[in-house]
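A short worksheet on the structure shown next.
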Amino acid sequence: MAEEAGILAFGAYVPQRRLQRAAIFAAHAWFAPALGNVAHGERAIADWDEDSITMAVEAGRDCLGGINRATIASLSLASTTLPFADRQNAGIVKEALNLPDAVGVLDVTGSQRAATSALIQALQATAATRRPQLCLAAERRQARPASEAELLQGDAAAAVLVGHGDVIARLRGSHSVSIDFVDHFRAAGETLDYAWESRWIRDEGQIAILGKTIAEGLKAFGVKPGEIDRLLIPIPHRGVADAVARTAGCRAESIADNLAATIGDSGAAHPLLMLAHALGTARARERLLLVGFGQGCDLLLFETTAAIARTPRRTPVAEALAHGQPDENYLRFLFHRGLLGLERGMRAEAEQKQPGTTLYRHRRAVLGLVGSRDTRTGAVQYPPAEISVHTGEATAGTHEDYPLADRPGRIVSYTTDRLAYSPSPPLFYGVIDFEGGGRMSVEFADAGSESIAVGRTCRMMFRIKAVDELRHFTKYFWKAAPVRRPA
Amino acid sequence: MATGIRDRVAILGMGCARFGERWDAGAEQLMVEAYSEALADAGIGTPQIEAAWLSVAFDAINIGPSGIPLATALRLKDIGVTKVENYCASGTEAFRGAVYAVAAGAADIALALGVEKLKDTGYAGLPVRSRGTTLDMIGVSGSAPGNFAQLAAAYSAEHRVQRADLKRAMAHVSVKSHANGAKNPKAHLRKPIDLDTVLNAPIIAEPLGLYDCCGVSDGAACAIVTTPEIARALGKRELVTVKALQVVASNGWESQASEWNGSYLHTTRVAATRAYAEAGITRPREQLSLLEVHDCFSITELVTMEDLYISEVGRGWTDVLDGTFDADGALPCQLDGGLKCFGHPIGASGLRMLYENYLQLLGRAGPRQRRPAPTLGLSHNLGGMPTQSVSAVAIIGLA
């Protein structure tokens, strides 16, 4: 049997804080009492130093564990909240993932179905080239305070590696329709959406377009609606998936958890996030119908293979759900989204201009966290250096690249600084030693007094270091996150 | 083989401006204030100064680049003026330049002046500044208290000192310096404080509270140096000479090699060892009369007692609590109030420490004069942070 294109691996990333919808509603009840209808559950929120790029990097790392990164032919990043309008955002992800320069990168944007469209393209590309393609999707959503979207949305990222060979799910077919149905829009240069009436969107848009397209698509794929085991509809509104399933003839029990109660609608990333969640529990020979909705829709029908049972079970979304940290600090959320102008003090005014020349020269060390290893002694150092800090011998050309991002670290010392400016005080930083060598001074991410201690293991995470607010340039670097103690 | 600096250079005169929040004075006024005192003490005129070194750390918010601001303020006519910067150890670095010039025979009389005008930033604490285009991309955006708080954490861990015990020892350091500073008319902070005030102060960077941190001050200090022969020819009867002068800078070993445990200052240990050898000191705790150390934070002073081989490693905190370094203790430290209370105008601090030791050696320290009169004083001037530091140790004494 000829090898078919399909999914080789998947990954996901959900930021650890879960803003309680009741806390959002409590702030707005005086103004928008109707929001009480959706003030249940929680939504994932990116920390101040996370955006669509950093979350995509984490999802990508989750996906690529054990995969030879040199085999990847291309990387796409789907999002409608990319930090740069003209600087390939996927290119920054490529540097952080330490992929070889000889790889194609592409930003895919402009619609909530950007990720499913990119996934279809990638599957077609792999059919032509037979080389793996990495599809990433991430969204750090921005909504106006007191809007329904503010409660329903969530921040997350997901990754799917497609290719040939031992796929865990093969593609049975894909289908797209394009219809300029303007349920909401965001003009170029704007940060907030403008939405039309939700009842019209539900009835004329989601239910009508999806119901019809799914029925047509399944007919074309040669699959009966009742044979779908998991129907993945990334729409958070109550009742929509039920109505779509009914219209298309799919079984009600095939409707997959849309993660609305626990993470929120992560926009363009949501279809891939739901796919990662479903694959985490799927058995062999299940049929998954993945849907992307936005000015039309995309359908992808996957069927899991025996390989999914053979490979070690991975459940990144379930793990993220288990480890969310409830958060009731709505003001902090507003501040981190730039929607509340707190007095930050003069220390926040520090110059953050990034010389492009310096970043280019050091891009592998800065964006890829690549240190150097002395080929004679095996000693590792970061930042990479020409002369060994251990021997002091000035012998040129004896150091080789040594990636550190995926090596665990151990906290040597740390501090809790209440003087230095941080958007999320206090600022935690200190010194870590990497397993296998190398020492580094680091800022800590996702840290609290209860999670940080000398000797604690930490893992490196790609984060925003600072933002040059004068020139609107985001600076990225790696931080160390204390690893949760096993329960 | 190098023979060292011992007794080859004498201090002809010293001066120090009043430290503090000098809203009334700019860098120029502070420099002139310190220099006028030194010049009168030396008994010479400006034309006799043949070379000058200026130390300043935050030049951008201060006097600007180069040695020209010093030459201009003091109207030093047609001589070489060099600006030096080595973090908070800059003051001793300027002194080293002047002393080496005299020892080398390149100048008969040389000037070292340190100045810092810190209170033009608009906020408390040290200004935020760049560490260069490369380190800014990967360095930590921390503060000085945060960096030295790690020293406290590592010291506690290494020597199994309970937090409460260390807090008490650190508080003792600050209470002692406030008591000393109260007797110093030029000091920035002149109010005695009690232990509870220190222990109950807000935390700046765990475990360092407000009173574990030194003052951020404006100020200037100055030394005029020459050879012992010229000093005597100019009528000086009692001479203070340089016994040792050592500066050591980190090469990345602490921050990159995974061998240092964070509980001490490597550069201080090396600089102290070399300085004692240069000065011929074998039993520092008995031979030294007084200490001025870099107490940017209380924990730094405590750990420095070990790094200078005054206290046994791991026992500095008990020596502190025993009162060893109090004004009436066996080896007084910071008789002038130290960085904690005299204040810390960065570029001036190393020279300010030398100024206090100089006054004490000559019996000119007024109500805080140590009796019997000291014969040998050590100053320890530290720059940077524990992970990357510059340590300067200077020992001066009666000839």
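The values are calculated or read from the model by the stated rules, or taken from the named source; none is laboratory data. Nothing here was measured: the structure is a model prediction, and the numbers come from that model. Backbone-built Cβ (ideal geometry, glycine too); neighbour counts: all protein chains shown. Surface areas here come from the heavy atoms of the whole protein model, side chains and all, with no ligands, DNA or RNA. Shrake-Rupley method; radii C 1.70, N 1.55, O 1.52, S 1.80 Å.
Things to note:
- Neighbours by Cβ (under 6 Å, 6+ apart or cross-chain): first from the stretch A:371-397, over 19 Å from A:M460 (Cα atoms); second of a type in the set (D, E, K, R): A:T375/A:E400; A:S388/A:D374
- Among helices (runs of 4 or more DSSP H) entirely within the stretch B:290-398, having at least 1 residues that are surrounded by fewer than 24 Cβ atoms within 10 Å (Cβ to Cβ) and hydroxyl-bearing (S, T, Y) singles out B:316-321, B:346-361.
- For the stretch B:213-261, residues that are among the β-branched types (V, I, T) and either open to solvent by 10 Å² or more (accessible area, probe 1.4 Å) or within 14 Å of chain A (Cβ to nearest Cβ) (or both) total 5.
- Subset tally (residues that are modelled with pLDDT under 95 and either at positive phi or hydrophobic (A, V, I, L, M, F, W, C) (or both)) for the stretch A:395-404: 2
- The residue list B:A187, B:A205, B:A223, B:A201 contains one member that is more than 17 Å from the chain's Cα centre (by Cα) and in contact (Cβ under 8 Å) with a residue 24 or more places away in the chain, which is B:A205.
- Those residues of the stretch A:372-428 which are within 12 Å of another protein chain (Cβ to nearest Cβ), aromatic (F, W, Y) and in contact with a Phe, Trp or Tyr (Cβ under 9 Å, 6 or more places away or on another chain), in sequence order: A:Y382, A:Y414, A:F428
- You will find that of A:R238, A:R199, A:R186, A:R230, the residue that is surrounded by fewer than 18 Cβ atoms within 10 Å (Cβ to Cβ), in contact with a strand residue (DSSP E or B) (Cβ under 9 Å, 6 or more places away or on another chain) and assigned by TED's automatic domain parsing to the domain that holds A:V317 is A:R186 and no other.
- Within the stretch A:463-475, residues that are away from chain B (no Cβ under 13 Å) and in contact (Cβ under 8 Å) with a residue 12 or more places away in the chain have Cβ atoms under 7 Å from residues that are surrounded by 11 or more Cβ atoms within 10 Å (Cβ to Cβ) and not in a strand (DSSP E or B) in these pairs: A:R471/A:K353, counting only partners at least 6 apart in sequence or on another chain.
- Selection count where residues are in contact with a helix residue (DSSP H, G or I) (Cβ under 9 Å, 6 or more places away or on another chain), part of a loop (DSSP other than H, G, I, E, B), open to solvent by 60 Å² or more (accessible area, probe 1.4 Å) and more than 14 Å from chain A (Cβ to nearest Cβ), scope the stretch B:181-212: 6
- In the stretch A:344-362, the residues that are within 24 Å of A:E386 (Cβ to Cβ), within 7 Å of chain B (Cβ to nearest Cβ) and surrounded by 15 or more Cβ atoms within 10 Å (Cβ to Cβ): A:T358, A:L359, A:H362
- Single unsatisfied condition, A:D446 versus (1) within 12 Å of another protein chain (Cβ to nearest Cβ); (2) in contact (Cβ under 8 Å) with a residue 60 or more places away in the chain: (1)
- Residue satisfying all of: in the stretch B:361-383; among the polar types (S, T, N, Q) and in contact with a Leu (Cβ under 6 Å, 6 or more places away or on another chain); farthest from B:V270 (Cα to Cα) among these: B:T375
- Filtered residues of the stretch A:391-404 (kept if within 22 Å of A:V431 (Cβ to Cβ) and surrounded by 12 or more Cβ atoms within 10 Å (Cβ to Cβ)): A:T391, A:H399, A:Y402, A:P403, A:L404
- Single residue of the stretch B:64-86 satisfying the filter (among the polar types (S, T, N, Q) and touching a strand residue (DSSP E or B) at 6+ places or on another chain (Cβ under 7 Å)) that is surrounded by the fewest Cβ atoms within 10 Å (Cβ to Cβ): B:S66
- Meets criteria (more than 21 Å from the chain's Cα centre (by Cα), more than 23 Å from A:L19 (Cα to Cα) and surrounded by fewer than 19 Cβ atoms within 10 Å (Cβ to Cβ)) for A:G341: no
- Any hit, the stretch B:318-326, residues being within 17 Å of the chain's Cα centre (by Cα), touching a residue at least 12 places away in the same chain (Cβ under 8 Å) and in the same structural domain as B:N180 (by TED's automatic domain parsing): yes
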